[in-house]
Each structure stands twice: as C-alpha cells, then as structure tokens.
Amino acid sequence: MEIRKYLTKDKALFLVVTLAYSLYMITNYLHLNYYSTHIFIDDIIQFSPVFIYFYILLYPLLFLPFIVHFTNKEEFRKACYAIIALNIIEAIFFVVYPTTITRPNITGGGLTNFLLSAIYTIDPPHNLFPSLHVSGILLGFFIYIRKSNKYFILLPLVMVIILSTVFVKQHYFLDIIAGVALALLVYLIIYRNK
C-alpha cells in the first residue's frame, strides 16, 4: 500500500512538472510589448546552423534528473520542486520583462536547415530572458551530479548546448548569463540543506 501511495504522489508531482514546463509555451503567445537584450557581443557571435544538433539535445536531457533519481523518493521530489520553481520564476520574467530576438532567414535545404526551421516555427522568438534552455540544462546537470561523479563526461555536452543557444540565434548573450544565474539560484535554494 505504501508503494502505491508513493507512486501516485510522484505521478501527480511529475504531472505538475509537465504543467510547469507548459508555462513557457503559454507565455509565448501572450503578445506583449517585447524588449531586446541585444548587446555588442551578440554582433560578434556568428550564426552557425550546425549547432542546432546540440541545441535539440536539451529535450531528451530534460528527463535526466528524473531517470537518475527515480529510485530515491526525496531526491526525485527535490528535482521536481526545483524544476517547478525554475519554470514558475521564468514565467514571471516572461510576463514582467518579455523579450524577443531577431533571427536570420533560413535558406536552402538539408537536414540542418530543416531542423532549424522547425525550431523557429515551433518556438516563437519570444521569452528569452532568462534562457530556459540554459537554466533547464544547467539545473538538470546540477541535479545529475548530486548522484554521479561522472560530471566530466556530461559537462562538455552541457557547455556546448548552452553555447548553441547563441550560435543558432535563439538567444542573446545576456539571456545566457541570466539563465546560468537562475539555475544556480534555484539549485542553491532547493538543495540548501545538503
């Protein structure tokens, strides 16, 4: 009976995580007055479509904290709370300080341009500050390394995913800095007791 209760509570909590992730898409369609976080560094960073392959790696890696910590009830729940908190804070930023980016036009065929065009179509160029892509992968990485000492294997991939956000022109440089800061803040608050 206790196992059934545990799984039911965690399924509900995981559903809340899923709903928290959906806040991004909801805020993307509010049609607010948008600001830009563009600075001179963004003009130096060259558009590089090939980084779309790293950019899309975020999506399967979002589940890493749950896979690693599913057998530990307390760690699983903390991971859920951290991800929920991160998404709620991001949604508040997206409403209070909505941002946008100017993207390059995609021309030509091939898989790289197809993937980039698909991301540009699915994900409107809004709500960039702080970068949910950056904060999400970094928070997941912090949670992952709590249980694994193999961080050196995943760290280069996390760094390339973070960099990919500016190379495919999904984010500006300041969005990245804010995403890193937010991931650190949420992690430190949720995991402050250990």
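Within the range 136-163, being open to solvent by 30 Å² or more (accessible area, probe 1.4 Å) and among the aromatic types (F, W, Y) holds for F142, Y144, Y151, F152. Given the criteria more than 20 Å from I177 (Cα to Cα), open to solvent by 60 Å² or more (accessible area, probe 1.4 Å) and either modelled with pLDDT under 95 or of a type outside the set (A, V, I, L, M, F, W, C) (or both), does Y81 qualify? So Y81 passes the test. When the helices (runs of 4 or more DSSP H) confined to the range 25-112 are screened for residues that are among the aliphatic types (A, V, I, L, M) and touching a residue at least 24 places away in the same chain (Cβ under 8 Å), those reaching at least 2 such residues are found at 58-61, 64-69, 73-96. Residues in the range 145-194 that are of a type in the set (S, T, Y), modelled with pLDDT of 95 or more and not in a loop (DSSP other than H, G, I, E, B): S164, T165, Y187. Residues that are open to solvent by 10 Å² or more (accessible area, probe 1.4 Å) and not β-branched (V, I, T) within the range 164-181 comprise F167, K169, H171, Y172, F173, L174, A178, A181, listed in sequence order. Residues in the range 105-124 that are among the β-branched types (V, I, T) and exposed (fewer than 10 other Cβ atoms within 10 Å of the Cβ): T107, T121, I122. Would you confirm, using the coordinates I've provided, whether I3 is closer than 18 Å to F141 by Cβ, open to solvent by 70 Å² or more (accessible area, probe 1.4 Å), at pLDDT below 85 and part of a helix (DSSP H, G or I)? No: the conditions fail for I3.
Taking (1) open to solvent by 40 Å² or more (accessible area, probe 1.4 Å); (2) at pLDDT 90 or above; (3) within 20 Å of L163 (Cα to Cα) in turn, Y59 satisfies each apart from (2).
Among the candidates N127, N87, the residue that is at positive phi, open to solvent by less than 40 Å² (accessible area, probe 1.4 Å) and within 16 Å of the chain's Cα centre (by Cα) is uniquely N127.
Being outside any loop (DSSP other than H, G, I, E, B) and not polar (S, T, N, Q): is that true of L128 here? For L128, the condition - outside any loop (DSSP other than H, G, I, E, B) and not polar (S, T, N, Q) - is not met.
The values are calculated or read from the model by the stated rules, or taken from the named source; none is laboratory data. Computed from a prediction, not measured in an experiment: that's the story for all the values here. No Cβ is skipped: glycine too gets one built from the backbone with ideal geometry, and neighbour counts run over all protein chains shown. Just the protein is used for accessible areas: all its heavy atoms, side chains included, with ligands, DNA and RNA removed. Shrake-Rupley method; radii C 1.70, N 1.55, O 1.52, S 1.80 Å.
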